[in-house]
Amino acid sequence: MMKLVTWNVNSIRQRCDHVLDYLAREQPDVLALQEIKCATDIFPADTFTQAGYECTVVGQKSYNGVAILSRQPFTVTHTALPGWETDPPQARYVEIRTAGLVVGNLYLPNGNSGGSAGYDSKLAFMEALARHAHAMLEAGQDFVLMGDYNVCPTDEDYTPGALPPTDALLRPESRAAFRRLLWLGLTDALRALHPTGRFYTFWDYQAGAWQRDSGLRIDHALLSPRIAERLLTALPARDERGTAQPSDHVPLAITLADATA
């Protein structure tokens with residue numbers, strides 16, 4: 001069995017101990033982190049190496065940033081999303097190959113800041129992601145694209161009233177771009193096993209959102225066809241949101257059966 005987890009930690013320096021506790025308790029094979037909010041050279045890689053995980057990091061001072069921690073040997077295949085560029089660059093994608101599959105870790109732009117240009121950048125990222133997924137499918141590659149997508153795919157994926165209908169996470173164009181990934185042949189891991197029900201991965205810090213259970217499902221794991229056939233479990237670790245000084249996101253964990261010979 002293989003366990004893969006995605007988690008927007010909202011500052012690795014503030015939540016390094018949270019991550020270490022999670023690793024010790026859950027022992028995932030791969031942990032994809034987003035919004036690490038630090039430059040690459042100050043990411044606490046040595047701390048995670050001591051815990052049994054090697055790291056690859058694409059950092060950025062104060063903002064964004066992604067990292068992958070793995071217990072298995074890996075090779076880095078991309079440190080940026082092919083076909084998506086910004087000026088200045090934004091640290092929003094890193095990809096590895098390990099244990100016979102590619103794991104892409106993404107932190108998709110929110111799209112609510114920067115006016116129309118900010119939203120256009122969000123859609124451009126999703127377009128580039130779809131092209132990259134299509135290329136991997138055409139090449140017969142097995143892969144998982146996981147991370148903070150900043151999209152609530154359906155009305156069931158957020159608490160009514162938690163966001164206005166004009167929010168970039170809900171806009172029809174955002175949802176259509178997410179559906180395009182599914183129409184390519186990818187599988188939304190959580191919805192494959194839990195077609196209905198409210199499973200949130202994010203609760204805002206403001207207005208008592210956690211206490212009122214006013215949440216969003218915006219962290220996703222999308223699987224290529226052969227990987228989807230191996231899917232065993234997919235659930236957010238809801239209890240993490242109730243810890244001291246938590247991230248506003250919780251881990252989303254999936255498990256895969258071992259590949260057959």
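The values are calculated or read from the model by the stated rules, or taken from the named source; none is laboratory data. Here the structure is a predicted model, which means the values were calculated and not measured. All Cβ positions, even for glycine, are placed from backbone atoms using ideal geometry, and neighbour counts span all protein chains on display. Heads up: the accessible areas ignore ligands, DNA and RNA and are worked out on the full protein's heavy atoms, side chains in. Shrake-Rupley method; radii C 1.70, N 1.55, O 1.52, S 1.80 Å.
The figures follow:
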item: Sparse-neighbourhood loop sites, chymotrypsin sites (Phe, Trp or Tyr not before Pro) in the range 194-261 - DSSP loop, at most 12 other Cβ within 10 angstrom; result: Tyr205
item: Gyration tensor (alpha-carbon) shape descriptor, the range 1-101, a/c threshold 1.5; result: oblate
item: Gain upon complete extension [Glu127, Asn112; 0.36 nm per residue less C-alpha separation]; result: 3.6 nm
item: Distant alpha-carbon pairs in the chain (separation over 36 angstrom), percent; result: 5 percent
item: Accessible area in square angstrom per residue, the chain, 1.4 angstrom probe; result: 44 Å²
item: Estimated vicinal HN-Hα couplings, Hz - the range 172-183 in sequence order (Karplus 6.51, -1.76, 1.60; Gly, Pro = x); result: x, 5, 5, 5, 5, 5, 5, 4, 4, 4, 5, 5
item: Accessible surface of the range 92-204 [probe 1.4 Å, protein heavy atoms]: carbon and sulfur percent; result: 55 percent
item: Label zone at Ile42 (point 7 Å along Cα-to-Cβ), backbone N below 17 Å, the range 53-86; result: 57-67
item: Length gained when the stretch Leu20-Arg198 is fully extended (0.36 nm per residue, less Cα-Cα span); result: 61.3 nm
item: Backbone HN-Hα couplings from phi across the range 86-93 [Karplus 6.51/-1.76/1.60, Hz, Gly and Pro as x]; result: 9, 10, x, x, 10, 7, 10, 7
item: Trypsin sites (Lys or Arg not before Pro) restricted to the range 117-177 and DSSP loop, no more than 13 other C-beta within 10 Å; result: none
item: Test item: Cα-centred dipole of the chain, Lys/Arg +1 and Asp/Glu -1 on Cβ, debye; result: 180 debye
item: In sequence order, calculated HN-Hα J values of the range 184-195 (Karplus, 6.51, -1.76, 1.60; Hz; x Gly/Pro); result: 5, x, 7, 10, 6, 4, 5, 6, 5, 9, 9, x
item: Protein-only accessible surface order, largest first, of Glu95, Glu127, Glu138 at 1.4 Å; result: Glu138, Glu127, Glu95
item: Largest-first ordering by accessible area, 1.4 Å probe, given options His194, His249; result: His194, His249
item: Packing-based order for 69-79, 55-65, 157-167, using average beta carbon neighbours within 10 Å, highest first; result: 55-65, 69-79, 157-167
item: Whole-Å semi-axes of the range 52-146's equivalent ellipsoid (Cα gyration tensor); result: 24, 17, 9
item: Positive-end residue of His220, Thr79, Leu69, charge dipole of the chain with Cβ unit charges; result: His220
